[in-house]
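The values are calculated or read from the model by the stated rules, or taken from the named source; none is laboratory data. The model shown is predicted, which means the values in this text are computed figures rather than measured ones. Note: ideal-geometry Cβ built from the backbone for every residue, glycine included; neighbour counts use all protein chains shown.
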Amino acid sequence: MVRTALDQTAIELTNIQKSFGGVKALKNVSFKINKGEVVGLLGDNGAGKSTLVRCISGIHQPDSGEIKVNNQAVNIASPLDAREVGIETVFQDLAMVPEFDISANLFLNREIKHKNPILRALGWLDTKAMDKRAKKALNRLNSRIPSYKEAIHNLSGGQRQAVAIARAVNWGADIVIMDEPTAALGVEQSAQVNELINVISSQGVAVLLISHNMQHVVETCDRAVVLYQGQSVADVSISDVSKEDLVGLITGATTQAA
Amino acid sequence: MITLTTNINSVKKFAVKREAFIYYIFLAVLVFFAILLHDTAFLSLDNFMNIVRQTAPITIMAVGLTFALAVGHIDLSIGSVVALSALVGAMLLQTTGIPIAVAGALLTGVAVGLINGVLIERLQVSSLLITLGTMGVVTGIARQISGLESVPIINSDFTAFFGAGDIFGIPSLFIWTIGIAAIAYIAMKKLAFGRHLLAVGGSPKAALAMGIKVTRIRLYALVISSAAAALAGLLYAGRLHGARYTLGEADLLTVIAAVAIGGTSLFGGRACIIGAILGSWLMGMINNGLILSGFSTNEQMIARGVILIIAVAIGVKELKNG
């Protein structure tokens, strides 16, 4: 597996805390992801995975703690802010319009406008330019998608996932968060998504992968961060642990040997 | 891979069929009446210009309603807006000039659209119920301010420009129809605005996640629908040289049938401007044909209802298959 610039930090979280009312959802969570690294975020339901992802993608604000992107402290107050610092989230429902073709979905609300300044002011679309870039974005992922003109509802689950990943990468994301990308997929399509994750990480993108599927984590991730009751209980290299170890950490049956 | 390809092809074929449906039915009805009415003037250019002119307010309402349907809303208040805006325009014309009267009428439409939109978003109640309510309120206001009397229009510039006359030798109603149709087509097909409308109707969650201002887009759609109805009111007033509270009251069913049969989804996410126009002309042609065949107004109403049911049945069937 080819990895690039593994020693450069893409994103670093330090002592992230978040409470809802009296419930402490996140307690001093810290970890970092290097460029080109795939990190699995594991944990049982209610362990704080979703809350953490929402803090990174701008939906929630952490109560305290620091997020650094490319070694610079950032304030992520909204999903738009997250995008601006190079964080893209691939949502579980993929956030795509089924009736639209791939090209239209890739550029949803970030449409390329016509070059003519008057038409541009009206919001006139430059469909050709978007199609051209859509084609490029899909080629970059070597994905097996028939055409950028295909409507999303004609695609398989794996192909849809590929389009969602292409959209994230197309926007120049340095950090891509994926929420259960293979949850609804069969074996072969999961394998295709794994392949895609490898492709984008080899291009230097840092990936945070939320997953329940241990097999998937073991196959794609370099490291795993395990949350248990809002705390980070393990930050381990995948090559050092077995699936059983990970399950133990997730359920709280074992604690990491320091 | 092979099964996937065949699936895509069959879905594509179906979509093509649905989009093209209006063309087939338009042609079928045309041929039907042409044969049935071969000894009348049905199949003449004059008669077709007549149909286009007579249908102009319906066409413009259908185009406007297409915007509301695109975001997943229905607007039942359009018929009542026709009456109120026509009355407001006609009453203002008695004391002021054309610009103020036209602005007043159009602003009436915009105001009703805004009220519809704000109530739907604030109360989180379906557009069906809210616009049913505003339909009643607006109809009541139209009856109240007119005292159930007709308001005549004697300003001949107004009547020439909005309905009765010609502009450069072309019937003004024809120009209005083509002009509004062109603007609507561009807005829906060529501009980011149309794409956002359809995204909001097709998948509100996706639109929101991608940062589209969903609430605002829905509001715009309802304002467009209502403003189009206000323009239709002015066209009626121009053609009839006056306004009356009954204007537009029988149009709602015709407009919905026209839009639905034209290929626009009644559930949001798919809009077809050309289909809406052809649909409205189809309804006009059927009316025209039924009149020439000697059917009564009541029988025409029955025919419209049947057509709406057919159009909706096709739409629902497609929703299940899609």
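Checking A:Asp44 against (1) of a type in the set (D, E, K, R); (2) within 13 Å of chain B (Cβ to nearest Cβ); (3) assigned to a loop (DSSP other than H, G, I, E, B); (4) closer than 22 Å to A:Gln231 by Cα, which test does it fail?
Result: A:Asp44 passes all but (2).
Scan (1) free of Cβ contacts under 8 Å to residues at least 24 places away in the same chain; (2) within 19 Å of B:Ala206 (Cα to Cα) for the single condition A:Thr89 breaks and write down its number.
Going through the list (1) free of Cβ contacts under 8 Å to residues at least 24 places away in the same chain; (2) within 19 Å of B:Ala206 (Cα to Cα), A:Thr89 breaks only (1).
Could you grab the pairs with beta carbons closer than 8 Å, sequence gap of 6+ or different chains, first residue in the stretch B:91-106 and more than 24 Å from B:Gly64 (Cα to Cα), second one part of a helix (DSSP H, G or I) and among the β-branched types (Val, Ile, Thr)?
B:Met91/B:Ile145; B:Leu92/B:Ile100
Any idea which residue in the stretch A:155-169 is surrounded by the fewest Cβ atoms within 10 Å (Cβ to Cβ), counting only those that are out of contact with any strand residue (DSSP E or B) (no Cβ under 9 Å at 6 or more places or on another chain) and assigned to a helix (DSSP H, G or I)? Steps first, please.
Start the filter on the stretch A:155-169 by keeping residues that are out of contact with any strand residue (DSSP E or B) (no Cβ under 9 Å at 6 or more places or on another chain), which leaves A:155-160, A:162-163, A:166.
Still in the running and assigned to a helix (DSSP H, G or I): A:157-160, A:162-163, A:166.
On the way: A:Gly157: 18, A:Gly158: 24, A:Gln159: 22, A:Arg160: 22, A:Ala162: 25, A:Val163: 29, A:Ala166: 26.
Step by step, filter the stretch A:155-169, then rank; the result is A:Gly157.
Looking at B:Ile180, B:Ile167, B:Ile175, which is the one that is β-branched (Val, Ile, Thr) and more than 30 Å from A:Thr127 (Cβ to Cβ)?
Working: B:Ile180 fails: more than 30 Å from A:Thr127 (Cβ to Cβ); B:Ile175 fails: more than 30 Å from A:Thr127 (Cβ to Cβ).
Criteria check complete, one pass: B:Ile167.
Can you confirm whether the stretch A:100-122 contains a residue that is of a type in the set (Lys, Arg) and either buried (at least 19 other Cβ atoms within 10 Å of the Cβ) or in contact (Cβ under 8 Å) with a residue 40 or more places away in the chain (or both)?
Yes; the residues of the stretch A:100-122 include at least one that is of a type in the set (Lys, Arg) and either buried (at least 19 other Cβ atoms within 10 Å of the Cβ) or in contact (Cβ under 8 Å) with a residue 40 or more places away in the chain (or both).
Residues in the stretch A:221-255 that are exposed (fewer than 15 other Cβ atoms within 10 Å of the Cβ), touching an Asp or Glu at 6+ places or on another chain (Cβ under 8 Å) and either modelled with pLDDT of 90 or more or farther than 17 Å from A:Lys49 by Cβ (or both): how many?
Within the stretch A:221-255, residues that are exposed (fewer than 15 other Cβ atoms within 10 Å of the Cβ), touching an Asp or Glu at 6+ places or on another chain (Cβ under 8 Å) and either modelled with pLDDT of 90 or more or farther than 17 Å from A:Lys49 by Cβ (or both) number 1.
Look at B:Gly242 and say whether it is within 30 Å of B:Glu149 (Cα to Cα) and surrounded by fewer than 22 Cβ atoms within 10 Å (Cβ to Cβ). Give the steps one after another, and end with the answer.
On the way: within 30 Å of B:Glu149 (Cα to Cα): yes; surrounded by fewer than 22 Cβ atoms within 10 Å (Cβ to Cβ): yes.
Considered against the rule, which asks whether it is within 30 Å of B:Glu149 (Cα to Cα) and surrounded by fewer than 22 Cβ atoms within 10 Å (Cβ to Cβ), B:Gly242 comes out as yes.
Given the criteria touching a helix residue (DSSP H, G or I) at 6+ places or on another chain (Cβ under 8 Å) and more than 14 Å from every other protein chain (Cβ to nearest Cβ), does B:Ala228 qualify? If you could, list the steps in order and put the result at the bottom.
Values: touching a helix residue (DSSP H, G or I) at 6+ places or on another chain (Cβ under 8 Å): yes; more than 14 Å from every other protein chain (Cβ to nearest Cβ): yes.
It is true that B:Ala228 is touching a helix residue (DSSP H, G or I) at 6+ places or on another chain (Cβ under 8 Å) and more than 14 Å from every other protein chain (Cβ to nearest Cβ).
Take the residues of the stretch A:7-40 that are among the basic types (Lys, Arg) and in a strand (DSSP E or B): which is nearest to the chain's Cα centre (by Cα)?
The initial filter retains those residues of the stretch A:7-40 that are among the basic types (Lys, Arg), namely A:18, A:24, A:27, A:32, A:35.
Applying the additional criterion that residues be in a strand (DSSP E or B) yields A:18, A:24, A:27, A:32.
Values: A:Lys18: 21, A:Lys24: 24, A:Lys27: 22, A:Lys32: 14 Å.
Ranking the candidates gives A:Lys32 first.
Specify which of the listed residues (A:Ile76, A:Ile56) is touching a strand residue (DSSP E or B) at 6+ places or on another chain (Cβ under 8 Å), closer than 24 Å to A:Asp222 by Cα and of a type in the set (A, V, I, L, M, F, W, C).
Numbers: A:Ile76 fails: closer than 24 Å to A:Asp222 by Cα.
After applying the criteria, what remains is A:Ile56.
So which of A:Val53, A:Val29 is closer than 12 Å to A:Gln231 by Cβ, hydrophobic (A, V, I, L, M, F, W, C) and either crowded, with 19+ Cβ neighbours inside 10 Å or touching a Lys or Arg at 6+ places or on another chain (Cβ under 8 Å) (or both)?
Working: A:Val53 fails: closer than 12 Å to A:Gln231 by Cβ.
Testing whether each residue is closer than 12 Å to A:Gln231 by Cβ, hydrophobic (A, V, I, L, M, F, W, C) and either crowded, with 19+ Cβ neighbours inside 10 Å or touching a Lys or Arg at 6+ places or on another chain (Cβ under 8 Å) (or both) leaves just A:Val29.
Take B:Leu198 and decide whether it is crowded, with 20+ Cβ neighbours inside 10 Å and more than 14 Å from chain A (Cβ to nearest Cβ). Give the derivation first.
Values: crowded, with 20+ Cβ neighbours inside 10 Å: yes; more than 14 Å from chain A (Cβ to nearest Cβ): no.
Against the criterion (crowded, with 20+ Cβ neighbours inside 10 Å and more than 14 Å from chain A (Cβ to nearest Cβ)), B:Leu198 does not qualify.
Going through B:Ser203, B:Ser126, B:Ser146, B:Ser156 one at a time, which residue ends up being of a type in the set (S, T, N, Q), buried (at least 16 other Cβ atoms within 10 Å of the Cβ) and more than 14 Å from chain A (Cβ to nearest Cβ)? Please lay out each step first, then the result.
Details: B:Ser203 fails: more than 14 Å from chain A (Cβ to nearest Cβ); B:Ser126 fails: buried (at least 16 other Cβ atoms within 10 Å of the Cβ); B:Ser156 fails: buried (at least 16 other Cβ atoms within 10 Å of the Cβ).
From the options B:Ser203, B:Ser126, B:Ser146, B:Ser156, the qualifying one is B:Ser146.
On the given criteria, is A:Glu88 closer than 21 Å to A:Asn170 by Cα, acidic (Asp, Glu) and buried (at least 21 other Cβ atoms within 10 Å of the Cβ)?
Answer is yes for this residue.
Residues of the stretch A:177-192 being over 12 Å from the mean Cα position of the chain (by Cα) and either assigned to a helix (DSSP H, G or I) or in contact (Cβ under 8 Å) with a residue 40 or more places away in the chain (or both), which ones? Working first, answer last.
Our first condition is that a residue be over 12 Å from the mean Cα position of the chain (by Cα); within the stretch A:177-192, this holds for A:182-192.
Within the stretch A:177-192, A:Ala183, A:Val187, A:Glu188, A:Gln189, A:Ser190, A:Ala191, A:Gln192 qualify.
Considering only residues that are out of contact with any Ser or Thr (no Cβ under 7 Å at 6 or more places or on another chain) and surrounded by fewer than 24 Cβ atoms within 10 Å (Cβ to Cβ), look in the stretch B:269-281 and name the one that is farthest from the other protein chains (Cβ to nearest Cβ). Reasoning before the result, please.
First, pick out the residues of the stretch B:269-281 that are out of contact with any Ser or Thr (no Cβ under 7 Å at 6 or more places or on another chain): B:269, B:274, B:278-279.
Of the ones still in play, those that are also surrounded by fewer than 24 Cβ atoms within 10 Å (Cβ to Cβ) are B:269, B:274, B:278.
Details: B:Gly269: 5, B:Ile274: 17, B:Leu278: 21 Å.
Only one residue tops the list, namely B:Leu278.
Filter the stretch B:228-279 down to residues that are in a loop (DSSP other than H, G, I, E, B) and of a type in the set (Ser, Thr, Tyr) and give me whichever is farthest from B:Arg304 (Cα to Cα).
Initial filter on the stretch B:228-279 (in a loop (DSSP other than H, G, I, E, B)): B:241, B:244-250, B:262-272.
Subsequent filtering for residues that are of a type in the set (Ser, Thr, Tyr) retains B:245-246, B:264-265.
Numbers: B:Tyr245: 22, B:Thr246: 19, B:Thr264: 17, B:Ser265: 19 Å.
Result: B:Tyr245.
Report yes if A:Arg160 is within 14 Å of chain B (Cβ to nearest Cβ), at pLDDT 90 or above and over 22 Å from A:Gly36 (Cα atoms), otherwise no. First the steps, then the outcome.
On the way: within 14 Å of chain B (Cβ to nearest Cβ): yes; at pLDDT 90 or above: no; over 22 Å from A:Gly36 (Cα atoms): yes.
Here the answer is no, as A:Arg160 does not meet what is asked.
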